[in-house]
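Working notes, beginning with the structure itself.
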Amino acid sequence: GFDIANSKVTVIGTSQNRFTLTSKTDIGLSVAAVIALWKENPSALPQTLHIASDTLSYGEVRDLLSKVYGREFQLETEDADEFTKNAIANLSNLDSNSHTFVLPYLRLLHANGVGDHSVNDNELINPGEKYWKWKKIADYVEETKNA
């Protein structure tokens, strides 16, 4: 997880685990682009599309946060097996009405390499960023720095 106030990034497993984030804007623009492509040539579209605004490792995000905030962020690791045991044990305590209830399980997916969507269909729907610029994690960090 990312603890901005305490300048800390915590990762399950290794800091080399990569994960993908996709902005709501990029999702919306991608849907519009897919509709346009489908109208033009439905057979050009694969059955499943993968998009990604940006993919970084936890170590890269730590470095980015340190640069943007002008202070050193520490990187801490948690044991994946121990985290998994705790996550399973706490399943019944989750508040499914909270927008954060899924975060521990996303972190487990990242620890197992499931969150890396750097192999994607971005070029099919937005070749060379011709229609829009994908929102990078660095863009988001800069935008929210003083929020």
Residues of segment 61-112 being in contact with an Asp or Glu (Cβ under 7 Å, 6 or more places away or on another chain) and under 15 Å from Asp3 (Cα atoms), in sequence order, are Ser66, Val68
Filtering segment 118-143 for residues that are within 17 Å of Ser15 (Cα to Cα) and either crowded, with 16+ Cβ neighbours inside 10 Å or in contact with a Cys (Cβ under 7 Å, 6 or more places away or on another chain) (or both) leaves a count of 1
Contact list, first residue from segment 17-28 and assigned to a strand (DSSP E or B), second anywhere and open to solvent by less than 20 Å² (accessible area, probe 1.4 Å) and of a type in the set (A, V, I, L, M), beta-carbon distance below 7 Å, six or more apart or interchain, is Thr20/Ala52; Leu21/Ile137
With criteria (1) open to solvent by 70 Å² or more (accessible area, probe 1.4 Å); (2) of a type in the set (S, T, N, Q); (3) under 24 Å from Asn17 (Cα atoms), Asn146 comes up short on (3)
The correct count of residues that are among the polar types (S, T, N, Q) and not in a helix (DSSP H, G or I) in segment 58-116 is 8
Checking Leu91, Leu103 in turn, the sole residue that is surrounded by fewer than 12 Cβ atoms within 10 Å (Cβ to Cβ), within 26 Å of Val31 (Cα to Cα) and at pLDDT below 80 turns out to be Leu103
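The values are calculated or read from the model by the stated rules, or taken from the named source; none is laboratory data. Since we're looking at a predicted model, the values are computed, not measured. Cβ sites come from the backbone with ideal geometry, for glycine too, and all protein chains shown count toward neighbours. The area values use the complete protein model at the heavy-atom level, side chains included, leaving out ligands, DNA and RNA. Shrake-Rupley method; radii C 1.70, N 1.55, O 1.52, S 1.80 Å.
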